[in-house]
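Have a look at the structure below before the remarks.
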Amino acid sequence: MSAAEFRAPEQEIQRFRARLVLAVALAVLMFGAVMVRLVWLQVLQHDYYRTRAEDNRISLAPIVPNRGLILDRNGLVLARNFSAYTLEITPSKVADLESTIDDLSGLIEIQPRDRKRFRKLLDESKNFESLPIRTRLSDEEVARFVAQRFRFPGVEVKARLFRQYPYGELASHLLGYIGRINDRDLDNIEEKGLEDKYQGSIYFGKAGLEQRYEFDLHGQTGFEEVEVSAGGRAVRVLSRTPPVPGNNLHLTVDLKLQQVAEQAFGNRRGAVVAIEPSTGGVLALVSKPTFDPNLFVDGIDPQHWDAYNNSPDHPLVNRALNAAYPPGSTFKPFMALGALTIGKRTPAQSISDPGFFEFGGHTFRDDKKGGHGSVDMYRSIVASCDTYYYRLASDMGIDAIASFMGQFGLGARTGVDIDGESIGILPSPEWKRKRFRRPEQQKWYAGETISIGIGQGYNAYTPIQLASAVATLANDGVRFRPHLVSYLENVTTGERRPIEPQPIARLALKQDNIDVIKHAMVGVNKEGTAMRAFLGAEYVSAGKTGTAQLFSLKGADYKEGHVKERLRDHALFIAFAPADKPKIALAVLVENGGFGAQAAAPIARQVFDYWLLGKLPQGAAAEDNDASDSN
Amino acid sequence: MQATAIKQVLRSTFGVLDPPLMAIALALLAYALVVVISATADFPSRLNQHFANLAVALGAMLVVARVPPQRLMTLALPAYLVGLALLVGVAVAGDVSKGARRWLNLGFMRIQPSEMMKIAVPLMLAWYFHKHEAVLRARDFLVAGLILLLPVALIAKQPDLGTAILVLAAGVFVIFFAGLSYKLIMPVLLAAALGVGALVYYGDHLCADGVAWPGIKEYQKHRVCTLLDPSTDPLGKGFHIIQSTIAVGSGGIMGKGWMKGTQTHLEFIPERHTDFIFAVMAEEFGLAGAILLVLLYLALIARGLMIAAQATMQFSRLLAGSISMIYFTYAFVNLGMVSGILPVVGVPLPFVSYGGTALVTLCIGLGILMSIRKHRRLAPD
């Protein structure tokens, strides 16, 4: 009891009550602190937090417009869009990409190919965009992922519009393809001030018509002001600016004709450009081999990419526009027309062909031993006599040849509506001065003019230049810019914007002279070098075979069997039909095809048969191995 | 005849109620109901559950209110010992959920023994001080401290910081009301104030990676540090604080209106029907709604403390005082957490948050207060 203090109950209760008062004071004080904090948040900082809440709530979602369709002249759809689900990862929101992808592959099939493609996209992109790891998910896969999505922050399923080329490899060189927007594309967009149109877009035309008409096909991005939940789920739409869909592209190309031309090649390499002479509209533009543009849309996987890039056949090169070849004897009708125009020859004027032409101590051989005998202009074209043109070239001189050929657009871009056309080479002293550095190389030697006359030497033209030239000839000297698009269609209003076929030049040619050449070209197909290819044709066509020498066989016999396939000459053929009122003009090139009559003319026959008669060929055009007299 | 019989039944059932306390509690529960409806709008089945919880809790209150304090006193020691035994059981063989060992599986049901300690600890301490009322020695406070710290330590170790703080506060208030010398209270308060001050002032340094705080788990350190600077972790722990602060601040003075809180209904507020329900209230009813809530709490506490002041037994006085201050502690810790002045500890808003266990505990507290009020004259002096 000594240590304990005695406590009077009354005093004790007073002390207890004092402590109760203290407790109340504590409660008031502490609640007061909370109230001060609330006044700070709700009164003084209210505007700031109200804005934060609005920012939370409202999200501006871009609506990507429908890309315009690409249709052939009969309305067949060559490029279309479809909606599909993709599984996308935003790398910046994912801590460990590899393990995330590993976990995902437990739910959804992810091939090593998909991973490689994703890596490639990752290298090319910025971290904050979401990149597809898998495209075209099935409904079941979507459901499986959605059930587990909480495990995968930074991974989402998106519904996207995909570009699809339903005909695959067919016409791929002219269509081109779209791919993911890269920095260069963005610069391009910025330069044109079109950033607003492209908000939220991830694709851009990379090649072919898709590239050239990108800004017509794309349309304009719309916007949706959406109220979103914390999980990013759109709850309701507050306002909406609809997107403007891209224009549809209606082509002059006829897909069936294109298909006939491509199939005529079989496994061979080469190009065909077929043009409607009266408009310049391109009916078919073939480059073989082709590729599958669908592979490029979401980033091509490295396997396919390597296969395309390392193939000796170079399937990604558009030979119709980007490869220049010596025209060989297809040059001769133009030489003859030039000679008539500047008065160096008359149609009846004959030469005697001994089988060679000597100039400056050098012998230029005709491919027919012993020569063709007496040769006039008609014979020179029908039999493709070299000696006639060696001498003619020498008589005309290089300047006259160059200036005449230039009028047909040879050695210049045709202006076709696909980017990246090659210029080719129209040889002239001026060209040589520009082309070479050392003075002795810059000099034009008179001997060089001789082989120019038969389409060899420095001559190099793209198939579309040859096609455009022969179309101009077929159209009696009225030249059109070759084009693949007939008109653009505004999907909303139905309004059409035609690509008007305005002639770009009317060449100063006499109709009589043109008729002489056309007549000779008809002779080629009737009784000349291309006779066998056009045997029994139910229409009158005009043509000229050609062979572009790859290998200089000076003085030696050319025996094709002894030369490796890759070193064989390129076969060429230019033609138009019907001869009196041409509906189609074309240039055919078969790489390493040997003689023009042998490989190229049969392809032209199949194309004409389909276009003029609606006849579908059976399989690839057979090579005419008996055609020997066919330079 | 029959009318009087019914009257009798009603009287024996509801006569034990303290009308002022009941009125305040019902006002609070009604206000809470309005907010719960909004907070559970996306999950309507929770509303039905809330009604069920209310029925059970009010039933428990009616039952407890009929038990005289003397009876409660006899329950104090057994309840405490059973609770302690269960806590040890949890520590040895409890179920782990969300990284904490809080539940004990008895085979037929899972219980959370820490919850019952919220009442059992003040009950035990009030009984202890009541027994030693006549002669109170320093040693008695030491024993009381042990009685308190043993369960608190076990709960904190689970770890359940929120409940540990509440149990600790309940006990501390009993000891305080029992007359602990200010000479002992003052230094502790001073040390606490210094600690908090240092944390706020040197927060950047202390929260740096790799700085370990003695006796504190990494996740608890993280919570405190996130409070000091929520922007360090905007998508993780900081998300709670940032989003609830935005909800509160955007509510303004009068609020956005019932069911119109964008932060609430677009799911930006995490745990909006439980621990963060105050953010819903502050967003939809603004500062005005918050003031109403605080006034109701103050009224509840004041009435509880008044009951304590008028109680005739030491046991009743201490218990009533402690229970009233538990309500204060609950409310303050929760409001402080949601408005961003205290770290995020899992403490629900008393009488408002959805959740049956806490509601039952709180209503048992109300029942005890009413019992003390009704039986004050019957107590032998």
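The values are calculated or read from the model by the stated rules, or taken from the named source; none is laboratory data. For clarity, every value in this text was computed on a predicted model and none was experimentally measured. Cβ coordinates were reconstructed from backbone atoms using ideal geometry, including for glycine residues, and neighbour counts include every protein chain displayed. SASA here: full protein model, heavy atoms, side chains in, ligands and nucleic acids out. Shrake-Rupley method; radii C 1.70, N 1.55, O 1.52, S 1.80 Å.
Results, tabulated for the structure shown:
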{"read-out": "Chain B - Cys residues lacking any other Cys C-beta under 4.7 Å", "value": "B:CYS363"}
{"read-out": "Accessible surface of chain B, 1.4 Å probe, proportion on carbon and sulfur as whole %", "value": "70"}
{"read-out": "Chain A, relative contact order [Cα under 8 Å, separation at least 6], %", "value": "14"}
{"read-out": "For chain A, size of Cβ-based charge dipole, Lys and Arg +1, Asp and Glu -1, in debye", "value": "500"}
{"read-out": "Solvent-accessible area buried by A and B, counting both chains, probe 1.4 angstrom, square angstrom", "value": "4100"}
{"read-out": "Computed magnitude of the charge dipole of the range B:273-381 (debye, nearest 20; Cβ of K, R +1, Cβ of D, E -1)", "value": "620"}
{"read-out": "Overall dimensions of the range B:308-366 by Cα: Rg and Dmax, Å", "value": "13.4, 41"}
{"read-out": "Drop in accessible area of at least 20 Å² in the complex versus isolated chain, residues of the range B:290-322, 1.4 Å probe", "value": "B:VAL294, B:LEU298, B:LEU305, B:ALA309, B:ARG317"}
{"read-out": "Accessible surface ranking that places the most exposed of A:ARG479, A:ARG212, B:ARG11 first, with a 1.4 angstrom probe", "value": "B:ARG11, A:ARG212, A:ARG479"}
{"read-out": "Efficiency of FRET from Cβ geometry, A:GLN111 and B:MET254, R₀ 60 Å, rounded to 0.05", "value": "0.55"}
{"read-out": "Per residue convex hull volume, Cα atoms of the range B:237-320, in Å³", "value": "105"}
{"read-out": "Rg to Rh quotient for chain B, alpha carbon positions, Kirkwood Rh", "value": "0.97"}
{"read-out": "Cα-based reach from A:LYS332 at 23 Å (exclusive), listing lysines while leaving out same-chain residues under 8 positions away", "value": "A:LYS344, A:LYS368, A:LYS369, A:LYS432, A:LYS510, A:LYS518, A:LYS526, A:LYS544, A:LYS554, A:LYS581, A:LYS583"}
{"read-out": "Cα extents of the range B:240-381 along the three principal axes, largest first (Å)", "value": "58, 26, 24"}
{"read-out": "Rounded accessible area per residue of the range A:255-613, 1.4 Å, Å²", "value": "39"}
{"read-out": "B:ILE241 - accessible surface, heavy atoms, 1.4 Å probe, Å² rounded to 10", "value": "10"}
{"read-out": "Proximal lysines relative to B:LYS217, as straight alpha-carbon distance under 26 Å, when same-chain residues fewer than 8 apart are discounted", "value": "B:LYS98, B:LYS118, B:LYS157, B:LYS237"}
{"read-out": "Calculated on alpha-carbon atoms, Rg and Dmax of the range A:60-251 in Å", "value": "17.7, 52"}
{"read-out": "Spatial separation of Cα centroids for the range A:480-521 and the range A:266-305, in angstrom", "value": "22"}
{"read-out": "Candidate lysines - alpha carbon under 20 Å from A:LYS206, same-chain residues fewer than 8 apart omitted", "value": "A:LYS120, A:LYS126, A:LYS192, A:LYS197, A:LYS288"}
{"read-out": "Where chain B is the region considered: accessible area per residue in Å², 1.4 Å probe", "value": "44"}
{"read-out": "Sequence of A:PHE359, A:PHE150 when ordered by accessible area, the most exposed leading, probe 1.4 angstrom", "value": "A:PHE150, A:PHE359"}
{"read-out": "Length-normalised contact order for the range A:405-546 - Cα pairs under 8 Å, 6+ apart - percent", "value": "19"}
{"read-out": "Overall dimensions of the range A:255-613 by Cα: Rg and Dmax, Å", "value": "20.3, 71"}
{"read-out": "Extended-chain gain in nm, criterion 0.36 nm per residue less alpha-carbon gap, A:VAL28 and A:ILE63", "value": "7.2 nm"}
{"read-out": "Prolate/oblate/rounded call for the range B:1-117, Cα gyration tensor, a/c under 1.5 rounded", "value": "oblate"}
{"read-out": "Compactness of the protein assembly as shown as Cα Rg over 2.2 N^0.38 Å, two decimals", "value": "1.55"}
{"read-out": "Amide H within-cut-off set for A:THR241, under 5 Å, with H built and near neighbours excluded", "value": "A:PHE223, A:GLU224, A:GLU225"}
{"read-out": "Cα-centre dipole for the range A:60-251 with unit charges at Cβ (Lys and Arg positive, Asp and Glu negative), debye to 20", "value": "360"}
{"read-out": "Neighbourhood net charge (11 Å Cβ-Cβ; Lys/Arg +1, Asp/Glu -1) for A:TYR389", "value": "-1"}
{"read-out": "Number of partner chain Cβ atoms within 10 Å, mean per residue of B:341-348", "value": "1"}
{"read-out": "Estimated FRET transfer efficiency when R0 is 45 angstrom, pair A:THR51-B:ALA52 (beta carbons, to 0.05)", "value": "0.65"}
